[in-house]
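Below: the structure, in structure tokens.
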Amino acid sequence: MENKPFFVHPSSIVDQGAQIGGGTRIWHFCHLMPTCRIGEDCNIGQNVFIDNNTVIGNGVKIQNNVSVYNGVVIEDGVFLGPSMVFTNVINPRSFIERKNEFKKTLIRKGATVGANTTIICGVEIGAFSLIGAGAVVTKDVPAYALMMGNPARQKGWVSEAGLNLHFNDDGLAICPGTGKRYKLDKGSVTVME
């Protein structure tokens, strides 16, 4: 199997050691640090910073003006909206060095993080969840959850296609776009085979 090339716009800086998967496109004014790892077929928008010790899966889309800080792990198929924000220290001070206090943030497969959202470090964003634009996420988000507001609160459930799920009295729902069936049981959603 032949490796696909990746593309880096000439205005971007990729430090030696950064790993970039085939088919990935890195657009204007980006900076990738030496120990970051980016998967295949990603699209990295304009003015994106990707720090050391970050892992980005395959098929990830990072829109303009996003900084992915040290300790962030992004699984396959994640969408990060324009100007969304990650943090990596709970109580930053310019005059106190806290690099040994970085907290890991995990964005699970297929999740969407809306424009101008803030993700406070140390949380896990569940698979296929959808975080509405401008939300401030301060705690873990369940898989398939729809989150909105400041602080972000759960407003419902979404399918893998990002469409609202309406569960019946038996805890069953069908995605209106794909027909895929879902089960809600004790606060968790799973796909039915």
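Listed values (1) 166; (2) 126; (3) 137 include one computed from this model; for volume of the Cα convex hull per residue in Å³ that value carries the label (3).
Looking at the chain, the DSSP beta bridges with both ends there are about 25 percent antiparallel. Candidate cross-link partners of Lys103 among the lysines, defined by an alpha-carbon separation under 17 Å and a same-chain spacing of 8 or more, comprise Lys139.
Considering only His28, Phe49, Gly39, the residue lying farthest towards the positive end of the dipole of the range 1-133 is Phe49, judged by Cα position with unit charges set on Cβ.
Dipole of the chain computed with +1 at Lys/Arg Cβ and -1 at Asp/Glu Cβ about the Cα centre; of Cys121, Tyr144, His166, farthest Cα towards the positive end is Cys121. Distance between the C-alpha centers of the range 130-182 and the range 99-124? Whole Å please. The range 130-182 and the range 99-124 have Cα centres spaced 17 Å from each other. Couplings 3J(HN,Hα) for the range 64-74, derived from phi with the Karplus relation 6.51 cos²θ - 1.76 cosθ + 1.60 (θ = phi - 60°), are 4, 6, 10, 10, 9, 8, 3, x, 8, 10, 10 Hz, where x marks Gly and Pro. Working from Cα pairs under 8 Å separated by at least six residues, relative contact order for the chain is 10 percent. Between Asn88, Asn65, Asn168, the Gaussian network model of the chain with springs among Cα atoms under 10 angstrom shows the greatest mean-square fluctuation at Asn168. Within the straight-line cut-off of under 26 Å between alpha carbons, the lysines reachable from Lys180 are Lys61, Lys109, Lys155, sequence neighbours fewer than 8 places apart in one chain being disregarded. Distant-in-sequence amide contacts of Asn58, defined by a placed amide H-H separation under 5 Å and a gap of 5 or more residues or a different chain, comprise Glu40, Asp76, Gly77.
Only the coordinates and a few stated rules stand behind these numbers; no lab work does. Because the structure is a prediction, the values reported are computed rather than measured. Quick reminder, even Gly has a Cβ in these numbers, built from the backbone with ideal geometry, and neighbours come from all protein chains shown.
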